[in-house]
1. Tell me the residue from Ser84, Ser120, Ser173 that is of a type in the set (Ser, Thr, Tyr) and in contact (Cβ under 8 Å) with a residue 40 or more places away in the chain, please.
2. Looking for whichever is charged (D, E, K, R), more than 17 Å from the chain's Cα centre (by Cα), part of a helix (DSSP H, G or I) and at pLDDT 75 or above here; the options are Lys151, Lys116. Which one fits?
3. For residues that are of a type in the set (D, E, K, R) and closer than 16 Å to Phe226 by Cβ, scanning just the stretch 183-213, find the one that is surrounded by the fewest Cβ atoms within 10 Å (Cβ to Cβ).
4. For Val204, only one of the following conditions fails: (1) touching a helix residue (DSSP H, G or I) at 6+ places or on another chain (Cβ under 8 Å); (2) modelled with pLDDT under 95. What is its number?
5. Quick one: in the stretch 83-119, of everything that is touching a His at 6+ places or on another chain (Cβ under 7 Å) and surrounded by 21 or more Cβ atoms within 10 Å (Cβ to Cβ), which residue is farthest from Val171 (Cα to Cα)?
6. For the structure I just gave you, tell me whether Asn138 is under 20 Å from Lys215 (Cβ atoms) and at pLDDT below 85.
Amino acid sequence: MELTKAISQLKSLRNCLEFQRWAHDIAGQCWGDVAPGNLRHSACHGWNVNEGVLLLFGWLKKKDRKQSAAFALYTGMVGQARKSEFYTRLGVADTMEGRFDLILVHAFVLFRRLKKDNESRELAQEIFDVMFSDLDQNMREMGIGDVGILKRIRKMSESYHGRIVAYEEGVQSGAIELAAALNRNLYADNEASDAQLMAMVGYVNDALAHLDRQKTEELHNGVIHFPAVPEAAVAPTE
């Protein structure tokens, strides 16, 4: 069966570093295939998390605590990125691309935290797997075939890596650099005011600190806490 063969091939790539860079970007390219008038009806609008399908194909096992934690963390990350305040208050574009880029911001925050201790590295891999499986299914529901999925994975690898590197450099360099990275990527399709941009900078830094304070045991139990979406601009600090 072609579907079974494709799934086997894709799953065999899961431990490849380049594939991990690709995984988050699958849906970003598929969105370009959806007519604007159909966005609200597309399978991946709002980033539906397909728990039933993941269970069906064996990527998520109810009795596997680590997989369950990974699914819970992924769902929590997506849920946070879907909060309306980001779009109505902070000026993120309420489009497929804008929602996806906001998920990438939260993915950066979560994976940066998980990289800090060795015992969380396996959990990080599980989250990558759950994310890939969900993205893959979203694309299939939109009618994209195996070849199209692989093409989109490859095409998006470089742009994804660039965003994550830019956010990391921004966090290390200070608020001005992080603001520039967010402006180029998260706000690429929707010009934000200085107040909105700096509020988002403050949110990212707050989220990083928030997760740094969270106990590893909580994360391994699938519990994740993000800060509230800010209402006012945060002044840049060096």
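The values are calculated or read from the model by the stated rules, or taken from the named source; none is laboratory data. Quick caveat: nothing in here was measured; it's all calculated off a predicted structure. Here the Cβ is made from the backbone with ideal geometry for all residues, glycine too, and neighbour counts use every protein chain on show.
1. Ser120
2. Lys151
3. By that ranking, first place goes to Arg213.
4. (2)
5. For the stretch 83-119, the residue satisfying everything is Met96.
6. On the way: under 20 Å from Lys215 (Cβ atoms): no; at pLDDT below 85: yes.
Answer is no for this residue.
Residue-by-condition table, conditions (1) closer than 26 Å to Ala70 by Cα; (2) within 17 Å of the chain's Cα centre (by Cα); (3) in a loop (DSSP other than H, G, I, E, B):
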site: Asp129; (1), (2), (3): yes, yes, no
site: Met139; (1), (2), (3): yes, yes, no
site: Tyr167; (1), (2), (3): yes, yes, no
site: Gln196; (1), (2), (3): no, no, no
site: Glu217; (1), (2), (3): yes, no, no
site: Phe226; (1), (2), (3): yes, yes, yes
